[in-house]
Amino acid sequence: AAGPPPPKRANKDLTLVDAAKVFLTAHIGKRVCLDSVADTCGVTAFQLIRVFRRVTGLSPYAYLIILRVNEARRMLDAGAAVSDVVYGCCFSDQSHLTRVFKRTLGMPPGLYLRSSRA
């Protein structure tokens, strides 16, 4: 017995979050405005934040940062130069990448590279 079907609101919330995730993933290397994500999803920015956080436990911006750090890791693992990673993942400069990388992963990019190659 699978139980009762999920409420329509839950399905609608998941659809909204999926649409936002697709948009954010497609715009990893670009500046993203919360209003543009919300417009794409057909809701207000406040609705987007509320639903996204309820479903994922993260704000849309926090999710985007995680996407960017994961892309930075992938690029570094592939041998990309740090300067290419900075601009490819839409960080403002190398110190910004380092701060966000360290806050997210607990280590700066250089240490990450040394530990991943060891």
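Data table
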| read-out | value |
| --- | --- |
| Quotient of C-alpha Rg and 2.2 N^0.38 Å, computed over region 53-93 | 1.32 |
| Sites THR104 and ASP18 - FRET efficiency at Förster radius 22 Å, r taken between beta-carbons, to 0.05 | 0.45 |
| Shape box of region 23-86 [Cα atoms, principal axes, largest first, Å] | 40, 21, 13 |
| Cα centroid separation - region 53-78 against region 94-110, whole Å | 13 |
| From phi via Karplus (6.51, -1.76, 1.60), per-residue ³J(HN,Hα) for region 87-98 in Hz, x at Gly/Pro | 7, x, 10, 6, 8, 6, 6, 5, 5, 5, 4, 4 |
| Radius of gyration, Dmax [the chain; alpha carbons; angstrom] | 17.0, 54 |
| Nearby aspartates and glutamates by direct alpha-carbon distance to LYS21 (threshold 17 angstrom, same-chain neighbours under 8 apart not counted) | ASP13, ASP35, ASP39, GLU71 |
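None of the figures in this text is laboratory data; all of them are computed from the coordinates on show. Fair warning: this is a prediction, and the values are worked out from it, not measured in the lab. Methodologically, a virtual Cβ is constructed for each residue, glycine included, from the backbone with ideal geometry; neighbour enumeration extends over all protein chains shown.
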